[in-house]
1. Looking only at the stretch 109-147, how many residues end up being part of a strand (DSSP E or B), of a type outside the set (G, A, S) and farther than 21 Å from W90 by Cβ?
2. Which ones in the stretch 120-134 are under 19 Å from the mean Cα position of the chain (by Cα) and open to solvent by 50 Å² or more (accessible area, probe 1.4 Å)?
3. Does the stretch 38-57 contain any residue that is charged (D, E, K, R) and buried (at least 18 other Cβ atoms within 10 Å of the Cβ)?
4. Residues to consider are E150, E160; find the one that is among the charged types (D, E, K, R), open to solvent by 80 Å² or more (accessible area, probe 1.4 Å), over 18 Å from W90 (Cα atoms) and in contact with a Phe, Trp or Tyr (Cβ under 9 Å, 6 or more places away or on another chain).
5. Considering only residues that are in a loop (DSSP other than H, G, I, E, B) and open to solvent by less than 30 Å² (accessible area, probe 1.4 Å), look in the stretch 5-23 and name the one that is farthest from T183 (Cα to Cα).
6. Would you pick out the residues in the stretch 60-96 that are farther than 16 Å from V24 by Cβ, open to solvent by less than 10 Å² (accessible area, probe 1.4 Å) and of a type in the set (A, V, I, L, M, F, W, C)?
7. Please work out if T27 is assigned to a strand (DSSP E or B), more than 19 Å from L140 (Cα to Cα) and of a type in the set (V, I, T).
Amino acid sequence: WSQDDLVSLWVAYPLCRFYSKGDVLRTEEWQYDPLLGKMSSNSGPGYGGNYTRGHQVPSGDRKCSEMANMQTFYGTNITPQLYNHNGGIWLELENKVRAVANRADTVYVVSGCIVDDSSKIVSDSDGKDMAVPTAYYKALLRYKKTSVSEQWDAAAFYLEHRKYTDPLSKSHSMSVDELERKTGMDFFVNLPDLV
């Protein structure tokens, strides 16, 4: 959480069929994060202009219980995202990640935004200024166990925060190493580098 920018710079969570295949509908319970209270952002009715409330952990990734889904609507999980980005290429990526997770034992997801050098600001429902991210990314680590082996696969995506006219494709992906160089982050530190 960046108190200066009023956005979470990254979130990390496991994803498997259990979490996304429940029958819980979107709760739409937009609220402060209970741990930070009014220090967090309040996305309430939304932001002005062409910005929507973009989830870092998608609501669709937490359909296993009402409480789990409600937590995706905390202000600490929401960033101001362009309508065409959030409902376009970012939504495509979220859906593809869920599809992969449904065929794996677990996918470990790191989802984040870049606010360095952001010159755009929007106000939350309390009138507090929030930085508008300049890019979004996901680092993915898939684990699949068979009767004879354990398999780890990884992929990363880095998307500038803009409207895309082309659909999500392999050209938008990169290695986790490349994403680490771009973001300065070290992902999946508990997994040996050799793996």
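The values are calculated or read from the model by the stated rules, or taken from the named source; none is laboratory data. Please read these numbers as outputs of a predicted model, since none were measured by experiment. All Cβ positions, glycine included, derive from the backbone under ideal geometry; neighbour counts span all protein chains shown. Just so you know, the surface numbers come from the protein's heavy atoms only, side chains and all, with ligands and any DNA or RNA stripped out. Shrake-Rupley method; radii C 1.70, N 1.55, O 1.52, S 1.80 Å.
1. 4
2. The answer is T134, and nothing else.
3. So in the stretch 38-57, the residues charged (D, E, K, R) come out as 38, 53.
Checking which are buried (at least 18 other Cβ atoms within 10 Å of the Cβ) leaves us with 53.
Yes; the residues of the stretch 38-57 include at least one that is charged (D, E, K, R) and buried (at least 18 other Cβ atoms within 10 Å of the Cβ).
4. Details: E160 fails: over 18 Å from W90 (Cα atoms).
Checking each option against the conditions leaves just E150.
5. That would be G22.
6. Selection gives I78, I89, W90, L93.
7. No: the conditions fail for T27.
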